[in-house]
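*Asks:* Quick one: the structure is below, questions incoming.
The values are calculated or read from the model by the stated rules, or taken from the named source; none is laboratory data. It should be emphasised that the depicted structure is a prediction, and the values quoted were computed from it without experimental measurement. FYI the Cβ positions are ideal-geometry reconstructions off the backbone, even for glycines, and counts take in every protein chain you see.
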Amino acid sequence: LSAEYDMVLFDTPPMNLVTDAVVLASTAAAVLVVVRAGSTMPEALAYSMEQLGNVHAHVVGTILNNMALERDSRYAGARARRDYRRYYDPTLKT
């Protein structure tokens, strides 16, 4: 397919459930890891990254999906701007 198309994307099942993703990742030019907000456990992500490292997969980034502004309200509106500003400017008080 790569001879006919600029980019070929494979959407695989979760890496920790079946080996399909790791097998494909070992031959892919690049890998994006999708993480579900509020659901993917840090240990599961660490294990996935370890498996990708074991097959020398070229991980180029991550995608955070299922982000719920209602659930994660600190990311919404004026409060988010204050929180981010406080994060980047340590002289501001909390």
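*Asks:* Would you be able to tell me the number of residues in region 25-54 that are among the β-branched types (Val, Ile, Thr), surrounded by 14 or more Cβ atoms within 10 Å (Cβ to Cβ) and outside any strand (DSSP E or B)?
*Replies:* Number satisfying all stated conditions: 1.
*Asks:* A further question on this structure: Exactly one condition in (1) in a helix (DSSP H, G or I); (2) more than 20 Å from the chain's Cα centre (by Cα); (3) at pLDDT below 60 is not met by Arg86; state its number.
*Replies:* Condition (3) is where Arg86 drops out.
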